[in-house]
1. Using amide H atoms built in the peptide plane, which far-off residues or other-chain residues are under 5 Å from residue 108 H to H?
2. Quick check: residue separation of residue 11 and residue 56 times 0.36 nm, minus the Cα distance between them. What number comes out in nm?
3. Label-point separation (nm) for residue 46 and residue 74, each offset 7 Å from Cα along Cα-to-Cβ?
4. Going by amide H atoms built from the backbone, whose H comes under 5 Å of the H on residue 54, apart from near neighbours?
5. Quick check: from the Cα gyration tensor, does the range 1-66 come out rounded (a/c under 1.5), prolate or oblate?
6. For the range 91-126 and the range 7-28, compute the distance between their C-alpha centroids and round to whole Å.
7. May I ask you to order 28-36, 112-120 by the average number of other C-beta atoms within 10 Å around their residues, highest value first?
8. Could you compute how fast the range 53-126 diffuses translationally, taking Rh as the Kirkwood radius over C-alpha pairs and applying Stokes-Einstein at 20 °C with viscosity 1.002 mPa s? Give it in µm² per second.
Amino acid sequence: MPLKLALVAHDRMKPALAEWAARHTAELDRHKLVCTATTGGVLRERNPALDVTTVKSGPLGGDQQIGGMIAEGQIGALIFFPDPLAPQAHDVDVKALLRIALVYDVPCAFNPATADLLVAGGLLAR
């Protein structure tokens with residue numbers, strides 16, 4: 001059964017997420033993908049075959065929109081590559097997104113290694 005996957009990345013991490021998605025296009029293509037606006041644009045550019053739906057940019061409410069989808073049971077997994085070395089102006093929104101993912105026990109990956117484990121563990125094989 002297809003999942004709706006949320007894919008989000010901070011600016012300096014967007015290329016890493018796009019490369020990860022390129023390596024896993026076959027698995028991702030089975031699912032519905034939702035991204036914040038700029039992350040979605042980078043993913044589409046690098047992976048034009050993927051069908052990506054976008055919400056607002058993270059600082060403009062996109063993180064909150066995805067959090068709302070998690071709370072409504074619409075998101076099956078969150079793949080979020082944050083930049084651990086750069087301060088984020090919308091840090092409060094990012095923390096709220098992470099908190100809601102934890103509250104609703106949504107599988108999460110925060111770097112390519114853990115995202116690879118979601119694939120290897122069969123979550124994306126559904």
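1. HN-HN under 5 Å from residue 108: 78.
2. 14.7 nm
3. 2.5 nm
4. 35
5. Cα axes put the range 1-66 in the oblate bin.
6. Using only Cα atoms, the two centres lie 13 Å from each other.
7. 28-36, 112-120
8. 165 µm²/s
The numbers here are math on the coordinates, done by the rules we state, and not lab data. Being a predicted model, the structure only gives us computed values, none of them experimental. Neighbour counts are summed over all protein chains in view; Cβ atoms, including those assigned to glycine, are modelled from backbone coordinates with ideal geometry.
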